[in-house]
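Heads up: the structure comes next, in structure tokens.
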Amino acid sequence: MGYIGLPTASTFATNGITVVGVDVNPKIIKTLQSGELHIYEPGLPDLVKTAISNGKLRIQSEPEEADAFLIAVPTPFYGDKQADLSFVSSAAQAIVPHLRKGNLVILESTSPPLTTTGLVAPILEQSGLKAGKDFNLCYSPERVLPGQILKELIENARIIGGIDTASAEAGRDLYKHFVKGEIILTDATTAEMVKLMENTYRDVNIAIANEFSRLADRFGIDIWEAVALANKHPRVRILNPGPGVGGHCISVDPWFLVEAAPDITPLIHTARKVNDGQPEFVVRLVKRALGSLRNKKVAVLGLSYKADVDDIRESPAVEAAHLLVQEGARVKAFEPYKTTAEIPGLELVSSLAEVFSDAEAILVLVPHTPIRTLEPEVVAKLTPARIIIDAVNTWPVEKWTSGGFKVYRLGVGRS
Ligand code: SAJ
């Protein structure tokens, strides 16, 4: 019942399907059963409420017999970047006692190539049933963008990779209850690979944007202007540089390919390293603005991995804040979408007033709407700080300069 499972379960449940939502975390079950949500996603609270109140969605700790089983568990990596498939394995194990002839099982979790046929099928076959012959098995990647999950779940094209044609067709018959985008059938391993290619493609493209920002800084130009100009070319679409790539998807998935085939993936590996190195460049910029960071009071705005989401997993903003602390800065951080979050080694405050009160500099790491829309006159009244370090080009520089602030931006070598 996480970022994918809960929206998917609720969308099925509001489209005529009876759904049992399973989670191993008793806290999550209790929260959902009491009508609350443990995650933030626009529109989700109402959808879950409707699904539960119309009796179509039940939340419990164990699966039960069903026509179809859908696995949407995390696939993180271990410290050495090896995929941790233990949640996929234990979810598949949990299905085994309930698996019956004619059932459909779908894996949605992003997984290394061959996970469906090589890991999930053998576990499910412990039931005594044969994949393909007795039950259908598919891999169908989730491809929704956090912040727009409910819309994309319905409207995006849906790829369904079956271990055979009948499995793919069974998958299609299930998803077509709510998917309005194109449904494309393929084999399971192609579907796994497609998902990893999509996120890796984005990671590599963000890496080149980040590297361009370093070059712009060195050559005394403004990367934001340069990207806008380059993007006038009909076949160029450079993404935005920033403090790095975070979240549970793009910063993780490329490693599944590197791990599976390290000898033939130098580009993917390097892109990961470039993006992981980007918080360090934010810290260099803060140092340029403030000199030594020892005992400098820095107000950090935004900790989540991107704008207008509450997810702080693998967040480069958190990494940058930690690096500042390591340099001796006295950091106060404010994450407007998770005001009660606790992160070891960081002082988090729950309001703008607190984060600004005694700051010497303001570091913008995430262009959240409530941060982007702040006005210089308002901020000037809340803080003695008159130095801004903007890592995401969120505040119009002229407006803030005329509001009395000195603005340093990532990727801008011009003073
Ligand atoms: N980012 C940049 N510059 C950009 C765009 C993004 O630095 O121009 C950063 C963000 O700040 C963030 C990270 O990249 O830290 C990832 O953000 P994102 O919006 O690119 O993607 P996610 O991780 O929220 O969602 C991705 C999506 N994949 C693609 O766009 C190819 C989504 O469709 C997937 O479903 C999701 O991963 C997933 O679950 O795999």
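Quick notes on this one:
- Projecting the Cα atoms of Met197, Thr394, Gly132 onto the dipole axis of the chain, where Lys and Arg carry +1 and Asp and Glu carry -1 at the beta carbon, places Thr394 farthest toward the positive end.
- Residue among Leu145, Leu363, Leu47 with the largest mean-square fluctuation in a Gaussian network model of the chain, springs linking Cα atoms under 10 Å: Leu145
- Simple label model, 7 Å out from Cα along Cβ direction - Lys151 to Tyr201, nm: 2.1 nm
- Spin-label pair Ser357-Glu342: with each label point 7 Å from Cα along the Cα-Cβ axis, the two points sit 2.0 nm from one another.
- Whole-angstrom gap from region 163-193 to region 48-117, using each part's C-alpha centre: 16 Å
- Taking each DSSP H run with n ≥ 4 as -39500 (n - 2.57) and averaging over every residue of the chain yields -11500 deg cm²/dmol at 222 nm.
- Global geometry of region 278-409, whether rounded, prolate or oblate, following the gyration tensor of its Cα atoms and the 1.5 cut on a/c: rounded
- By average C-beta atoms within 10 angstrom, highest first, the peptides 302-313, 163-174: 302-313, 163-174
- The slack between Asp134 and Arg294, meaning 0.36 nm per residue of separation minus the straight C-alpha distance, is 51.0 nm.
- Total charge dipole magnitude, the chain, about the Cα centre, Cβ charges on Lys, Arg, Asp, Glu only, Debye to nearest 20: 1120 debye
- On Cα atoms only, tilt of 188-219 relative to the major axis of the chain in degrees: 10 degrees
- Of Lys30/Lys338; Lys180/Lys273; Lys151/Lys306; Lys151/Lys195; Lys30/Lys332; Lys332/Lys399, pairs whose Cα-Cα distance is over 28 Å: Lys180/Lys273; Lys30/Lys332
- Stokes-Einstein diffusion for region 221-275 at 4 °C, viscosity 1.567 mPa s, with a Kirkwood radius from C-alpha pairs, works out to 98 µm²/s.
- Viscosity 1.567 mPa s, 4 °C: Kirkwood-radius Stokes-Einstein D of region 283-330 over Cα pairs, µm²/s: 115 µm²/s
- Each Lys or Arg adds one and each Asp or Glu subtracts one; over the other residues with Cβ under 11 Å from the Cβ of Ser304, this totals -2.
- What the phi angles of region 147-156 give under the Karplus curve with 6.51, -1.76 and 1.60, with θ = phi - 60°, is a coupling list of x, 9, 4, 5, 6, 5, 4, 8, 8, 5 Hz, glycine and proline written as x.
- Over all projection directions, the Cα-based convex hull of the chain averages an area of 21.2 nm².
- Options Pro367, Ser53, Ala13, ranked by Cα towards positive dipole end of the chain, top entry (Cβ charges): Pro367
- Ranked packing of 202-213, 59-70, most packed first, by mean Cβ within 10 Å: 202-213, 59-70
Every number here is computed from the coordinates shown, using simple stated rules; none is lab data. For clarity, every value in this text was computed on a predicted model and none was experimentally measured. Reconstructed Cβ throughout: ideal geometry from the backbone, glycine too, with neighbour counts over all protein chains shown.
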